[in-house]
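Right, one structure below, let's go through it.
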Amino acid sequence: MKKLATLCILLALTTVTATAALAGDTLADAKKKGVLVVGCKDSLPPFGYIDEKSRQIVGYDIDFVNAIAKKMGVKVELKPVTSASRTPQLQEGHIDIIAATMTKNAERAKVIDFSHTYFFTGQKFITKKGAIKSLKDLEGKKIGTAKGSTSEQNVKKAVPSASVLSFDDYPQAFLALQQGKVAAVTTDEAILAGILAKAPNKAQFEIPTIQISDEPYGLGMRKGDTNFVNFVNKTIIEMEKNGEAKAIFDKWFGPKTQYHLNRTFKISADK
Ligand code: GLU
């Protein structure tokens, strides 16, 4: 009996050590290397996209991780990821943190850790003007979205009769809408608004007021990377208190945008 107990304790200890070893300590490692490797989007204004003038990836997500890296005293290296590749890239150690329009949810939290919410939006559709008034109008239609996203899962539940076409990213899905290959594209409203703002023929499209989910964004870190998760959360709260988070928000969305209220509310609810 005693032997069994010892064995159990040993086994438990091994599991804990193995998990910790797998997660490592990104805070210490990145400080040692002098660089934090960030998985980000590179075609989703205003979260992560290539600035035409500087040819650099810029955006709301990038400003958030830049602030965190500055606090750590390290440089940022940006690596573009897709919705489907971001979690495996993190788990395999190719990136240290995900800052890529990523929704935190219970399913994902089983395999990675999330920071406090740093942005809050909800899933909507973009369609040809006047084409879609309610979810009913989407029944049996083709709807474009991105592989590996919550958007893909949510729309399958919200409109089971639709056929969902999953692309690598949202600009490709929007191209399919422009070419008449899908009746709608669905993802987070803030992403859709960014795509629409850059579209040359934007007058032909609209985002109807149909919302099918809430999408709180978190920065993704390796499961069990506790020191790093705590540091990131502490920094986000500090940024909220000292006005830096609001300044980043206002820079990309404007002081009058509705998202601000939601984001602030979510962060304080998380603490
Ligand atoms: N926020 C949603 C998600 O994490 C949709 C946007 C995206 O695919 O990055 O899946």
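The values are calculated or read from the model by the stated rules, or taken from the named source; none is laboratory data. Quantities reported herein were computed from a predicted structural model and do not represent experimental measurements. All Cβ positions, glycine included, derive from the backbone under ideal geometry; neighbour counts span all protein chains shown.
Quick notes
- Among the residues listed as V229, V185, the single one being touching a residue at least 40 places away in the same chain (Cβ under 8 Å) and away from the ligand (no atom under 12 Å from the Cβ): V229
- Leading residue by the ranking (farthest from P88 (Cα to Cα)) among those in segment 125-154 that are among the aliphatic types (A, V, I, L, M) and more than 11 Å from the ligand (Cβ to nearest atom): A131
- Number of positions in segment 97-124 that are within 13 Å of the ligand (Cβ to nearest atom), of a type outside the set (V, I, T) and assigned to a strand (DSSP E or B): 7
- Filtered residues of segment 153-204 (kept if among the charged types (D, E, K, R), modelled with pLDDT of 95 or more and more than 22 Å from the chain's Cα centre (by Cα)): K181
Listed here are the residues, each with its yes/no results for (1) within 16 Å of the ligand (Cβ to nearest atom); (2) over 16 Å from D250 (Cα atoms); (3) more than 15 Å from the chain's Cα centre (by Cα).
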residue: Y49; (1), (2), (3): yes, yes, no
residue: R55; (1), (2), (3): no, yes, yes
residue: D61; (1), (2), (3): yes, no, no
residue: A67; (1), (2), (3): no, no, yes
residue: M72; (1), (2), (3): no, yes, yes
residue: K75; (1), (2), (3): no, yes, yes
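- Restricting V111, V38, V74 to those that are closer than 15 Å to D225 by Cβ and either surrounded by fewer than 24 Cβ atoms within 10 Å (Cβ to Cβ) or among the hydroxyl-bearing types (S, T, Y) (or both) reduces the list to V111.
- Against the test of being under 19 Å from D169 (Cα atoms), of a type outside the set (S, T, Y) and buried (at least 21 other Cβ atoms within 10 Å of the Cβ), the options A100, A84 yield a single qualifying residue, A100.
- Restricting I267, I248, I212, I207 to residues that are touching a helix residue (DSSP H, G or I) at 6+ places or on another chain (Cβ under 6 Å) and at pLDDT below 90 narrows the list to I267.
- Residue check, A173 crowded, with 18+ Cβ neighbours inside 10 Å, among the small types (G, A, S), away from the ligand (no atom under 14 Å from the Cβ) and more than 27 Å from E240 (Cα to Cα): no
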